[in-house]
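J.: Let me begin by handing over the structure; questions about it come next.
The values are calculated or read from the model by the stated rules, or taken from the named source; none is laboratory data. Predicted, not measured: the structure shown is a model, and the values here were computed from it. With ligands, DNA and RNA removed, areas are computed over all heavy atoms of the protein, side chains included. Shrake-Rupley method; radii C 1.70, N 1.55, O 1.52, S 1.80 Å.
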Amino acid sequence: MPTIHNLEKRLRSYLDDDQIAQVVRAYHFAEQAHEGQYRRTGDPYITHPLAVANILTDMHMDHASLMAAMLHDVIEDTGISKEQLAGEFSEEVAELVDGVSKIAQIKFESKAEQQAENLRKMMLAMTRDIRVILVKLADRLHNMRTLGALAPEKRRRIAKETLEIYAPIANRLGMHSLSTEFEDLGFKAMYPMRSMLIDRAVRNARGNRKELLNRILESLQACLEREGLQGKVMGREKHLYGIYQKMRGKKKSFNEIMDVYAFRIIVDKPDTCYRVLGAVHSL
């Protein structure tokens, strides 16, 4: 289980001592504020804000964001006011925490897709500081990772909300890996049997997938070198929810879905792009 000491070590790679000390102080403040509170998993509540801070550390977020992560449920769950946080820490941190608390108060009641789009727009519009959204995304990601402790009906409600609201926002912000994890976790919670069957089908159909991915990557890189073209080649496996959406949207069985892998070649200008496209088609 992550500890504040482990987080301190991680933060030394990019924050200074004073900034780390402020993050640690926010942790101890939150720990005291949440004393006696527990998550559905049975863990002390403080393990959640600590996990959220760790997710933001993966993104190399600034110390104020990490402090807000530690304190993000304090206003809502412990009765401590925004003014108290501003006095204890800073106006900046208090604003971030208050912003996360306001997003938490938005009720996602309508299930219509148009309403989901309106809610996404409202969330982005009401946030003056993009860091508020990033703290909220990290908060939701940890909640999704620990969804198993909740009752099935609540799991499905949170998963649906994640698929309709949070995954598209992460995608819009260019956070593809976060969006993908939201989608796969949401898919697994919403449709556990479908998720399991598609996962099994992908594994059976593709065998040693990493080996195949690497072979195709190497082939593409060699092709570019032969043609004297500069480009960065990236490959990934299509994630389960993406495959499921394509099956459902095109009304096809798994065996009819051919593009289980995706490759991307990043180049410097449109002219190179077309030349790379020609080389790949020839390959």
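J.: Taking Cα atoms, how many degrees apart are the long axis of helix 240-250 and the longest axis of the chain, rounded to 10 and kept between 0 and 90?
T.: Long axis of 240-250 versus the principal axis of the chain: about 60 degrees.
J.: Would you mind working out the accessible area per residue for the stretch 1-62, using a 1.4 Å probe, and quoting it in Å²?
T.: Heavy-atom SASA per residue in the stretch 1-62 reads 55 Å².
J.: Further question: Using only the Cα atoms of the stretch 130-283, each taken as one equal point scatterer with no solvent, compute I(q) by the Debye sum, divide by I(0), and report log10 of the ratio at q = 0.16 Å⁻¹.
T.: Here the Debye-derived log intensity ratios amount to -1.01.
J.: Using the alpha-carbon atoms, what tilt in degrees (0 to 90, nearest 10) does helix 130-145 show relative to the longest principal axis of the chain?
T.: Between the helix axis and the principal axis of the chain, the angle is about 80 degrees.
J.: Pairwise over distinct Cα atoms, reciprocal of the mean inverse distance: report the Kirkwood radius of the chain in Å, one decimal place.
T.: Every distinct Cα pair counted, the radius reaches 21.4 Å.
J.: Pairs 102/160; 154/232; 160/250: which exceed 32 Å Cα-Cα?
T.: Pairs exceeding 32 Å: 154/232.
J.: Most mobile of 144, 67, 122 per a Gaussian network model of the chain (Cα springs, under 10 Å)?
T.: 122
J.: Per residue, how much accessible area does the stretch 191-249 show when a 1.4 Å probe rolls over the protein heavy atoms, in square angstrom?
T.: Here the residues of the stretch 191-249 average 67 Å² of exposed surface.
J.: Sticking with this one: From the Cα trace of the stretch 149-188, what convex hull volume per residue do you get, rounded to a whole Å³?
T.: Hull volume normalised by residue count: 52 Å³.
J.: Ok, one more. How much of the accessible area of the chain, in percent, comes from carbon and sulfur atoms when a 1.4 Å probe is used?
T.: With neighbouring chains kept in place, the figure for the chain is 49 percent.
J.: Nearest 500 deg cm²/dmol is fine: what mean residue ellipticity at 222 nm does the chain get from its DSSP H runs of n ≥ 4 alone, each adding -39,500 (n - 2.57), divided by its residue count?
T.: The helix-only estimate for the chain comes to -21000 deg cm²/dmol at 222 nm.
J.: Oh, and also: Decide, for the stretch 1-98, between rounded, prolate and oblate: order the square roots of the alpha carbon gyration tensor eigenvalues as a ≥ b ≥ c, take rounded if a/c falls under 1.5, and otherwise choose prolate if a/b is larger than b/c, else oblate.
T.: Oblate, because a/c is 1.5 or more while a/b does not exceed b/c.
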